[in-house]
Amino acid sequence: MFRLPLVLRLAAAAGACAPLAPAVAFPQERADVRRAIHETMIERARDGAARKIEQPGCRRLLDEFKDRNGRPLSENLATWDRVAAEYLRTIPFRDGSFHPFCRSGKSALVSVVGMRPVFVCPGFRRQAERDPWAAENWIIHEMLHTLGLGENPPSSREITQRVTELCR
Ligand SMILES: [Zn+2]
């Protein structure tokens, strides 16, 4: 049976992250969609994000935020048998330039709740150059989605704000 894909979550370039339900299935089967990207700027942002999530204060996010079943994200992380920074370092980053949310120019990163790939929009590269600190926080924001955090509530802005407060 055809099922609508999970609601996509995205970190928008403006810092807001509008929840949108895509009209088309996520084209996971396309080869270009599956392509992993390894770029210095993106990996640098990931390293910065990993250093932040190693701090106990930042890791509190994983206890504060819960998935749709009310389970803390830290419990979902435990199923991966990895510490948070290690988990973050192994999230596959893929080229998101195909994606309508990326093409709209409003999105920086796109992910599906509870799924690991994070799709990187061209806008993220620009942002990472302008404001590496914020780019690191967006990666952490997206990591929370991969661990099951939905949105609205909490709003994208609230998530990013909490990341900014706790992760330094
Ligand atoms: Zn989000």
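Readers should treat all values here as calculations from the given coordinates under stated rules, not as data from a laboratory. From a predicted model like this one, the values you see are computed outputs, not experimental measurements. Glycine also receives a Cβ, built like all others from the backbone with ideal geometry; neighbour counts cover every protein chain displayed.
Based on alpha-carbon centroids, what's the gap between the stretch 65-120 and the stretch 128-168 in Å, whole number please? Taking the Cα centre of each part, the stretch 65-120 and the stretch 128-168 sit 11 Å apart.
Approximating the spin labels as points 7 Å out from Cα along Cα→Cβ, the T40-to-E158 distance works out to 4.1 nm.
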